Amino acid sequence: MSACPATETQAGGAETRTRAEPVNNRVHIFDTTLRDGEQSPGCSMTVSEKLRMASKLVELGVDTLEAGFPIASDGDFEAVDTISREFPDVSVAALARACTLDVERAARALEKAKRPRLHTFIATSDIHLKHKLRKTRQQVLEEAAAAVALARRYVDDVEFSAEDATRTDLDYLEQVSKATVAAGARTVNLPDTVGYSTPDEHAELIGRMARALGDTAIVSVHCHDDLGLAVANSLAAVQAGARQVECTINGIGERAGNCSLEELVMTIRVRQDRLPFEVGIRTEHLYPASRLLSELISFGPQPNKAIVGRNAFAHEAGIHQDGVLKERTTYEIMDPRTVGVPESSLVLGKHSGRHALRDRCEHLGFQLTREQLEEVYRRFITLADRKKGLLDEEIAGLVRQVSGAVAVR
Ligand code: KIV
Ligand code: ZN
């Protein structure tokens, strides 16, 4: 990517701030699967692939869909432009560094959007200022405000991100946040760019900025998962006053990824007693969205990934299978159908018990006597000891060996 050229100086003030939305306990879901997610290794998508994914994200009900970084490539420009035309009802965001060239390119890519959001950013931590930008705090402050003011010439909905916010001096971060709101930003995003924060620390930072900005802007979070805390940090931020969370399907994103959309949303849905917030996500589309993304990029979530992993609703231990067969809620805190998984599965392996085996045999159409079940179970355990898990055909084979039975259906 070309170096970010010098920006214009302060380009005019913003109109008087009015109360921003969403308010109260509604948490705005800003999906960046097609931008932060897409820019990570193994995740790049063509424009038509991005369109397919965008359609799923719209179906899912995300509030804002960040479609790309238009200055980065023609493909990203086209993705923002095409998604803006195809999906007029969703707010479409385009990313731009805090410089004229980027902001103008993002604005052009958003020209056809009915609900455009221009998202501009610059790093604010001393570590980035010294080694990457080689700029003073004053310069960065001015460039941030100027970029926001320029963006406001094109669109009403401008978001400013203080990159590496969690390693930024807090007084300075507050100064930058207020300056960008004064210049016209409606949303101030405070990214944990390097995934360094802890939930308590993040809550302190967000709480302070939310108090400082009051109702002049939405405070947003964007957490990376380098220490595996992206979801926990995002939730802590929401409890401290953030009303937008930036996240991705399957948690894809730079390095260890971003806050996982499905984990964040389901934690809020399942734990309403502790997290009385509202999100506009239609959760039954979570699993299909995860599957589609896995098909489009070069990898899927790990099998034990919460919510959407292959094992998220699979039980192998005999005690668990017995419990689930008696009453699902003994070992399941969510009904799999609420996230679009058709049903939980009982994986028959060496840890499984007779109850699950009999259930599977019945499912396959076999009615066994107690003695037959005992013998099938004995053979099953011998085989399962050598294998990772038995397929239905193998179980049916064992039943036939023991009883000569033919399934009744
Ligand atoms: O991680 C980050 O800081 C970002 C910003 C550009 C929002 O992705
Ligand atoms: Zn990021």
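The values are calculated or read from the model by the stated rules, or taken from the named source; none is laboratory data. Please read all numbers here as calculations on a predicted model, not as lab measurements. Here the Cβ positions follow ideal geometry from the backbone for every residue, glycine too, while neighbour counts run over all protein chains shown. Ligands, DNA and RNA are stripped out before the accessible areas are found, and what is left, the full protein with its side chains, is counted by its heavy atoms. Shrake-Rupley method; radii C 1.70, N 1.55, O 1.52, S 1.80 Å.
For the chain, the relative contact order works out to 14 percent when only alpha carbon pairs closer than 8 Å and six or more residues apart are counted. Scaled against 2.2 N^0.38 Å for its residue count N, the alpha carbon radius of gyration of the chain is 1.17. The label point for Arg137 and the one for Glu375, both projected 7 Å from the Cα toward the Cβ, are 8.2 nm apart. Helix 74-86 and the longest principal axis of the Cα set of the chain meet at an angle near 80°. Beyond 17 Å, the tail of the calculated P(r) for region 280-409 holds 63 percent of the Cα pairs.
In the context of the full set of protein chains, the chain has a per residue accessible area of 44 Å² (1.4 Å probe). The long axis of helix 370-384 is offset from the longest Cα principal axis of the chain by roughly 50 degrees. Leaving out ligands, DNA and RNA, and with a 1.4 Å probe, what % of the accessible surface on the chain is carbon or sulfur? Ligands and nucleic acids excluded, carbon and sulfur reach 49 percent.
Using a Gaussian network model of the chain in which every pair of alpha carbons under 10 angstrom is joined by a spring, one finds that among Gly207, Gly340, Gly318 the greatest mean-square fluctuation is at Gly318.
For region 167-305, the direction-averaged projected area of the alpha-carbon convex hull comes to 9.0 nm². Each Cα pair under 8 Å and six or more residues apart adds its sequence gap; the mean of these over the residue count of region 245-357 is a relative contact order of 22 percent. Taking the C-alpha atoms only, the angle from helix 100-109 to the longest principal axis of the chain is near 50 degrees. Highest mobility in the GNM of the chain, judged by mean-square fluctuation with C-alpha springs under 10 Å and restricted to Ala144, Ala96, Ala384, is found for Ala384.
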